[in-house]
Every structure is written in C-alpha cells, then in structure tokens.
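Remarks on the structure that follows.
The values are calculated or read from the model by the stated rules, or taken from the named source; none is laboratory data. The shown structure was predicted, so the numbers you read here are calculated from the model rather than taken from an experiment. Heads up, the Cβs are rebuilt from the backbone with ideal geometry, glycines too, and the neighbour counts pull from every protein chain shown. Just so you know, the surface numbers come from the protein's heavy atoms only, side chains and all, with ligands and any DNA or RNA stripped out. Shrake-Rupley method; radii C 1.70, N 1.55, O 1.52, S 1.80 Å.
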Amino acid sequence: MSDKNLEIIPMCEWGMFTDPRPCVVAGPCSAESEEQVMETAKGLREMGINVFRAGIWKPRTHPGCFEGVGAQGLKWLQKVQQEYGLKVATEVAGEKHVAECLKHGVDMVWLGARTTANPFLVQEIADALKGTDIPVLVKNPVNADLDLWIGALERLSRAGIKKLGVIHRGFSTFDKIKYRNDPQWQVAIELRSRYPELPFFVDPSHLGGSRDYIREISQRSLDLGFEGLMIESHCNPSVALSDARQQLTPAQLRDLLYDQIVVREKDSDSPEWKENIDLLRTKIDVIDENILYALGSRMRISRMIGEYKKENNIAIIQAARWDYLLGKVLEKGKEYGLTEKFLNDVFNAIHEASVEIQNDIISGKK
Ligand code: PEP
Ligand code: MN
C-alpha cells in the first residue's frame with residue numbers, strides 16, 4: 001500500500017544550500033586520506049559549494065577493491081565542517097553507519113542505489129534515524145522499479161524523516177549503452193509528477209560514468225526542472241581510488257556551473273509569457289483531443305475488420321499488409337519532421353492494440 005502523501009519540509013528550510021538553483025552537493029566518490037579530503041573541500045569551498053560529499057563506506061561490485069576508509073574518515077569530515085564551514089554528507093548502508101554518522105555530527109546522509117533496492121536495510125536505516133531531523137536523500141534502486149524507490153521513501157517518512165529528497169543516478173543494464181547507467185528519464189519524471197514537492201537531485205557522475213558526459217546530463221536535468229545536482233569532485237581525479245573517470249576537479253566544476261550550463265526558470269510572472277504559454281497549451285489540448293478522437297475511430301474500424309475477418313475465417317495478422325502500412329507511415333511521417341523511432345514506437349503500439357481488439361473478437365471474448 002502506498003502512502004499517498006509524504007510529509008516533506010522544503011529544501012530551502014534545511015539550512016544546507018544558500019544558492020537554491022541548482023543546489024549542488026559535490027565532493028569525492030570516496031574519502032581517501034585527510035589531505036585529499038581537505039584539499040578537495042578547500043577547492044570546493046572557494047568556488048561556492050556549500051555541501052560536501054564523500055563516501056566513507058563504499059559498496060564495491062568486486063571484493064578486493066578499495067572499500068572506503070571507514071569511520072576514521074568521519075573525523076576528516078568534522079574537520080571540513082570546522083575549517084571550511086561546509087555541511088557534510090555521506091552514504092549509509094545500515095544502522096551501524098547511521099550511528100557513526102550521528103555520533104560524528106554528519107549533516108546529511110544518502111542511501112545508495114544498492115541499499116534502496118533492499119527493504120530490510122532501508123527499514124533498518126529508517127529505524128536508526130527515528131527521532132533525528134537529519135536530511136536524507138534516497139538514490140534510485142539499481143533496477144528501474146519506481147515502487148521500490150517510493151517504498152524506501154515511505155519507510156523513511158513513517159520513521160518521521162521530513163527532510164527527504166531523491167537522487168536519480170540511472171539504472172543498471174546488461175546492454176552496452178553510452179552511459180554507465182540508463183537514465184530512463186521517464187521514471188524520474190513520473191516520480192516528480194507524483195510527488196512534486198519532493199526535492200530532486202540528479203547525479204551526472206554515476207549516471208554518465210565519465211566526466212565527458214557531466215555537462216550534457218546536468219543540462220538535461222536542469223531543463224527537466226530538477227533542482228539539485230550531486231557531482232563527484234576530487235582534487236586529483238586521475239589517482240582517485242574509486243570512480244576516477246567520472247570526477248571533476250573543483251576548477252572544472254566551477255567552469256561547469258558558472259560557464260557551461262544554463263539554469264532555466266521554473267516559471268515566470270511575466271504577463272506576456274503567461275498569455276503566450278496559455279495560448280500554446282490550448283492549441284496542444286485541442287490537438288490532443290483530436291488525436292484521441294482519431295485513435296477511437298481507428299479502433300472502431302479495427303473492431304469492424306475483426307468481425308469481418310471472423311465471418312470469413314481469416315487470420316488476424318497479415319504481415320504483408322502491416323509492413324506496407326508501416327512503410328507508408330514512415331515515409332509520410334518523415335515529411336512532417338517525425339523521427340523513425342518515434343513513428344515506429346507510436347504505430348507499433350497502435351498496431352498492438354488493434355491486434356488485441358481483433359483477437360478478443362475472434363476468440364469470442366467481445
Ligand atoms: C556513490 O555515490 O559514490 C555511489 C556509490 O553511488 P550509487 O549508489 O549511485 O552507485
Ligand atoms: Mn562514486
């Protein structure tokens with residue numbers, strides 16, 4: 001059962017970010033040494049970052065890789081708070097991590113993708129956080145299961161966590177794709193539309209897996225209206241002990257945030273904007289009505305064809321006819337500037353629905 005509403009304290013009241021858009025959490029994948037932590041934090045402080053991230057316990061795919069420095073690194077994070085006035089955040093994957101973080105005054109924690117996928121661990125963490133008012137960010141689970149992601153948010157919400165937010169870092173795939181993880185933006189968009197008040201971060205480092213993609217993914221997420229970015233930054237990325245390819249130096253991060261990405265407004269109070277956008281939206285609404293009417297009419301004809309095929313004892317699928325029709329659609333559609341992928345997606349969906357209708361008729365269901 002889903003709790004329809006999560007009780008959320010807006011991010012501007014968390015006391016973490018002074019510059020609200022985008023809200024940036026930056027820092028190394030892992031805390032490696034006191035020097036690396038302090039040097040990175042200094043660079044980030046100088047360029048205006050307020051919230052510093054560093055992994056203390058690292059969930060590695062293979063044993064034998066660097067698994068984080070453990071609780072000793074929390075002392076370095078305390079030093080970052082004291083010397084640079086930064087807020088600090090780290091990943092927790094169980095109650096022991098939570099206890100250590102609370103003991104060391106960590107300002108914010110996040111649940112990693114592998115943890116969100118495990119309700120036992122999420123519950124354990126939620127129980128350990130009960131009674132605190134520390135902000136908690138929940139990364140998406142490794143698989144594209146929106147309910148599992150929401151379930152984790154509900155567990156934390158029921159434990160009284162109200163400074164709650166999410167981080168989209170993409171989903172694992174077996175297929176080789178451009179990015180390290182598949183963005184599947186539609187999942188993020190669906191979560192945003194169900195919980196518009198939930199603070200939303202995107203993690204272009206883990207999503208893209210390469211510093212080359214950080215700019216395009218950051219821009220995409222701002223264009224989609226997500227307000228936060230979590231970006232890995234290391235004083236010397238090439239020697240990083242984890243995720244070396246996807247970290248920026250603080251100077252590169254400054255260039256990205258101040259010169260390379262464009263922050264768009266969510267809305268505008270200008271009467272001219274309102275008038276124009278309302279007009280365009282009205283046009284879209286009318287076109288959508290027409291599309292629905294056309295789809296309804298098309299399906300009615302499909303039904304008639306189904307009945308006619310039944311009377312004449314003809315099979316539903318006529319491959320040659322479908323190939324001919326799709327060919328014509330692709331040719332015509334291109335004239336309207338529609339891509340082949342879009343046309344294939346739309347018309348295959350229409351064809352599938354039409355076959356289903358005819359199937360029901362022939363099998364006597366309808
Ligand atoms: C991380 O943020 O360093 C991390 C391990 O991320 P994820 O859980 O997204 O893999
Ligand atoms: Mn990492």
- Counting only the heavy atoms of the protein chains, how much of Asp145 is accessible to a 1.4 Å probe, in Å² to the nearest 10? 60 Å²
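When ligands, DNA and RNA are left out and all protein chains stay put, how many square angstrom of accessible area per residue does the chain have with a 1.4 Å probe? Could the numbers behind the result be given before it?
Numbers: 19530 Å² over 366 residues.
Here the per-residue accessible area is 53 Å².
Hull surface divided by four, with the convex hull built on the Cα atoms of the chain: how many nm²? Let's see the in-between values first.
On the way: hull surface 93.6 nm².
Dividing the Cα hull surface by four gives the mean projection, 23.4 nm².
Averaging over all projection directions, find the projected area of the Cα convex hull of segment 106-225 and quote it in nm² with one decimal place.
On the way: hull surface 29.9 nm².
Computing the convex hull of the Cα atoms and averaging its projections yields 7.5 nm².
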- Query: Roughly how many nanometres apart are two label points built 7 Å out from the Cα toward the Cβ at Arg158 and Glu13?
  - Reply: 2.4 nm
- Task: Quick one: of Lys283/Lys328; Lys163/Lys266; Lys96/Lys176, which pairs are farther than 24 Å apart, Cα to Cα?
- Result: Lys283/Lys328; Lys96/Lys176
- Just from its helices, what would the mean residue ellipticity at 222 nm be for the chain, if runs of 4 or more DSSP H residues each count -39500 (n - 2.57) and the sum is divided by every residue, rounded to the nearest 500 deg cm²/dmol? -15500 deg cm²/dmol
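Suppose R0 equals 25 Å. What FRET efficiency, 1/(1 + (r/R0)^6) with r the Cβ-Cβ distance, do Met47 and Ser268 give to the nearest 0.05? Write out the running numbers ahead of the final one.
Working: r = 29 Å, r/R0 = 1.14.
So, using R0 = 25 Å, E works out to roughly 0.30.
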- Once the whole set of protein chains is in place, how much accessible area is left on Arg211, using a 1.4 Å probe, in Å² to the nearest 10? 80 Å²
- Query: In nm, what is the difference between 0.36 nm times the number of residues separating Gln72 and Ile317 and their Cα-Cα distance?
  - Reply: 81.6 nm
- Query: In nm, to one decimal, how far is the Leu325 label point from the Ile287 one, both placed 7 Å along Cα→Cβ?
  - Reply: 2.4 nm
- Note on the structure: Between Lys176 and Glu34, the FRET efficiency computed from the C-beta separation at R0 = 41 Å comes out, to the nearest 0.05, as 0.60
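Please compute the contact order of the chain in relative form: average sequence separation of alpha-carbon pairs under 8 Å and at least six residues apart, divided by the residue count, as a percent.
Numbers: 562 pairs, mean separation 52.1, N = 366.
Reported as a whole number, the value is 14 percent.
Cα-Cα over 23 Å: which of Lys75/Lys162; Lys58/Lys87; Lys178/Lys332; Lys58/Lys103?
Working: Lys75/Lys162 27 Å; Lys58/Lys87 20 Å; Lys178/Lys332 30 Å; Lys58/Lys103 19 Å.
From the list (Lys75/Lys162; Lys58/Lys87; Lys178/Lys332; Lys58/Lys103), the Cα-Cα distance tops 23 Å for Lys75/Lys162; Lys178/Lys332.
Express the carbon and sulfur contribution to the solvent-accessible surface of the chain as a percent, rounded to the nearest whole number, probe 1.4 angstrom.
Details: 10310 of 19530 Å².
Percent of accessible area from carbon and sulfur atoms in the chain: 53.
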- Using a basic spin-label model with each label point 7 Å from the Cα along Cα→Cβ, how many nm lie between Val239 and Glu275? 6.2 nm
- Query: What's the center-to-center distance, using Cα atoms, between segment 9-73 and segment 229-274 in Å?
  - Reply: 14 Å
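Between Asn359 and Asp345, what length in nm is gained on full extension when 0.36 nm per residue of separation is reduced by their alpha carbon distance? Walk me through the intermediate numbers first.
Numbers: separation 14, 0.36 × 14 = 5.04 nm, distance 2.09 nm.
Additional length available on full extension: 2.9 nm.
How about segment 295-340: which GluC sites (Glu not before Pro) there lie in a loop by DSSP and see at most 16 other Cβ atoms within 10 Å?
For GluC sites (Glu not before Pro) across segment 295-340 that sit outside H, G, I, E and B with at most 16 neighbouring Cβ atoms in 10 Å, the list is empty.
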